[in-house]
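Here is the structure we will look at.
The values are calculated or read from the model by the stated rules, or taken from the named source; none is laboratory data. Predicted model only: the values in this text are computed from it and were never measured. No Cβ is skipped: glycine too gets one built from the backbone with ideal geometry, and neighbour counts run over all protein chains shown.
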Amino acid sequence: MANTYTLISSNVLSSSAASVTFSAIPATYTDLVLRITSRETVTQNSIILALNGDSATNYSRTILLGTGSAAVSARESSQTSLIALYDEDASFTANTFNSMEIYIPSYTASQNKPIGIIGVSENNATLARMCDTAGLWRNTASLNQIVLSKTGSNFVSGSSFYLYGIKSS
């Protein structure tokens, strides 16, 4: 059972950025947790997750998405990255940010890496989003780099990213 969270690295943006990178992740923990609050500069764009610079078709995901008026499920396999969540977009209530947690267990094990993602957006309107994602990175390498990026957009100033290592008891 996990009993300690240790902050490995953090990044709070002081200006807009298209991507955030965590590199040289130490192999001294059991699991990784990435906590994010972010917003983007355009409407309904995704947060893209890439691991160890891998852009081959090694990512799969199953999602459950609720929008306040509809529910959607989808499955994608053999992708070149993992779509983590539609970000808090520019049309949502001003100065609100989404919240997301990405959990990567056994990130140093010589096995494919499961990835659990849960994210929610905030909006004072009917449309809001909650998304659960079960992801898989089909690679047995130890995870040492995480890149979060936007396509056609940027993370806004004030978006925050915190990477924690977890040691089991």
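Here are the numbers for the structure shown:
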quantity	calculated
Listing of strands (runs of 3 or more DSSP E) fully contained in region 109-169 that carry 1 or more residues being farther than 22 Å from Thr30 by Cα and at pLDDT below 90	113-120, 130-137, 146-150
Selection count, region 132-169, where residues are under 18 Å from Ala50 (Cβ atoms), of a type outside the set (A, V, I, L, M) and buried (at least 16 other Cβ atoms within 10 Å of the Cβ)	12
Test for Thr57: is it polar (S, T, N, Q), part of a loop (DSSP other than H, G, I, E, B), surrounded by fewer than 19 Cβ atoms within 10 Å (Cβ to Cβ) and at pLDDT below 95	no
Flag for Ala70 being over 23 Å from Ser142 (Cα atoms), exposed (fewer than 14 other Cβ atoms within 10 Å of the Cβ), without any contact (Cβ under 8 Å) to a residue 40 or more places away in the chain and of a type in the set (A, V, I, L, M, F, W, C)	yes
Residues (modelled with pLDDT of 95 or more and touching a Lys or Arg at 6+ places or on another chain (Cβ under 9 Å)) located in region 42-53	Leu51
Test: residue in region 106-118 that is in contact with a Ser or Thr (Cβ under 7 Å, 6 or more places away or on another chain), under 18 Å from Leu13 (Cβ atoms) and not small (Gly, Ala, Ser)	no
Region 20-36 residues that are in contact (Cβ under 8 Å) with a residue 40 or more places away in the chain, paired with ones that are assigned to a loop (DSSP other than H, G, I, E, B) and of a type in the set (A, V, I, L, M) (beta carbon under 9 Å, 6 or more apart)	Val20/Leu13; Ile25/Leu143; Ala27/Leu143; Leu32/Ile25; Leu32/Leu143
Subset of region 1-41 that is in a loop (DSSP other than H, G, I, E, B), under 20 Å from Ser121 (Cβ atoms) and of a type in the set (Ser, Thr, Tyr) - its residue that is modelled with the highest pLDDT	Ser16
